[in-house]
């Protein structure tokens, strides 16, 4: 059997599904991690998970089974492990005693909808890699009656700071007398991309809901609820990363 590659200690703990890479770095720098019984303080020290014995606080670390969750993140919940302001986080919505999982990308505090969580750091990196061009679809309520010119400018793109921000597609879902609901599709994931782009166009966002990631739709998952991905959904997401989207209902 071929020997697995060696990676930095922090990355290895993350790859094994024990914690995030940033959490691993903190544990290592606090002196809580040993390799073959030897305390290691360098997060980048190369180790092989197949031949080195890793322990945290004296307890052996073994590779954990991969976990894949979908969450309907409510408005006002932050996508962090802890919050210095005491706000509710996505981890408060997980079952007590749940093995560690990390968010795949982010939704800001004011945004809602589909959020993936996993302990599979390599898969998460593929989902969020802009080079994969995986579609993310949002339903966005704006404070104006959208017209074809606004949609055209969104598709053409704007410059905000050092970023060029554009949509892959945009269309009107419905309109009222003073506002509109738009469906916006992105295939890149720049920070607060939709809000910043619309602000540059003089448009305010009243509500922002992510309704799908690639082929995976939010569907009827209740606000604040969490569920495992089905094998078919996981397979469809993997296929979308390699071959383009295939809708799962």
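Structural remarks
- Residues being closer than 19 Å to residue 206 by Cβ, touching a strand residue (DSSP E or B) at 6+ places or on another chain (Cβ under 7 Å) and crowded, with 17+ Cβ neighbours inside 10 Å - total across the stretch 115-158: 9
- Against the list (1) outside the structural domain of residue 117 (by TED's automatic domain parsing); (2) exposed (fewer than 13 other Cβ atoms within 10 Å of the Cβ); (3) under 23 Å from the mean Cα position of the chain (by Cα), the condition residue 18 fails is (2).
- The residues listed here are 14, 20; of these, the one that is under 22 Å from residue 97 (Cα atoms) and in contact with a strand residue (DSSP E or B) (Cβ under 7 Å, 6 or more places away or on another chain) is 20.
- Residue that is farthest from residue 23 (Cα to Cα) [pool: residues in the stretch 56-83 that are exposed (fewer than 14 other Cβ atoms within 10 Å of the Cβ) and without any contact (Cβ under 8 Å) to a residue 40 or more places away in the chain]: 76
- Test result for residue 24, farther than 30 Å from residue 137 by Cβ and surrounded by 19 or more Cβ atoms within 10 Å (Cβ to Cβ): yes
- The lone exception for residue 171 - which of (1) in a loop (DSSP other than H, G, I, E, B); (2) surrounded by fewer than 17 Cβ atoms within 10 Å (Cβ to Cβ) it fails: (1)
- The combined condition, being touching a helix residue (DSSP H, G or I) at 6+ places or on another chain (Cβ under 7 Å) and either closer than 12 Å to residue 107 by Cβ or touching a residue at least 40 places away in the same chain (Cβ under 8 Å) (or both), is not fulfilled by residue 198.
The values are calculated or read from the model by the stated rules, or taken from the named source; none is laboratory data. Quantities reported herein were computed from a predicted structural model and do not represent experimental measurements. In this analysis, Cβ positions are derived from the backbone assuming ideal geometry, glycine residues included, and neighbour counts consider all displayed protein chains.
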